[in-house]
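Here the structure is laid out as structure tokens; the discussion comes afterwards.
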């Protein structure tokens, strides 16, 4: 039996810490289920998601 690759799921939270941290909780649950969550974020959030172990992609300014 072949194993399927983990799906990559991009999250793009609203530019507020409440929404961002809610998405971290969702991403943690997705990762626990085998997915690979990544974050697309504004430059002001640089490092926030990486601190939780997620890959970040900043929007161009």
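Number of residues in the range 32-58 that are under 17 Å from residue 5 (Cα atoms) and in contact (Cβ under 8 Å) with a residue 12 or more places away in the chain equals 5. Applying the criterion of at least 3 residues that are surrounded by 15 or more Cβ atoms within 10 Å (Cβ to Cβ) to the strands (runs of 3 or more DSSP E) found wholly in the chain leaves 36-41.
Each reported figure results from applying straightforward, stated rules to the coordinates on display, with no laboratory input. This is a predicted model, so every value here is computed, not measured. Reconstructed Cβ throughout: ideal geometry from the backbone, glycine too, with neighbour counts over all protein chains shown.
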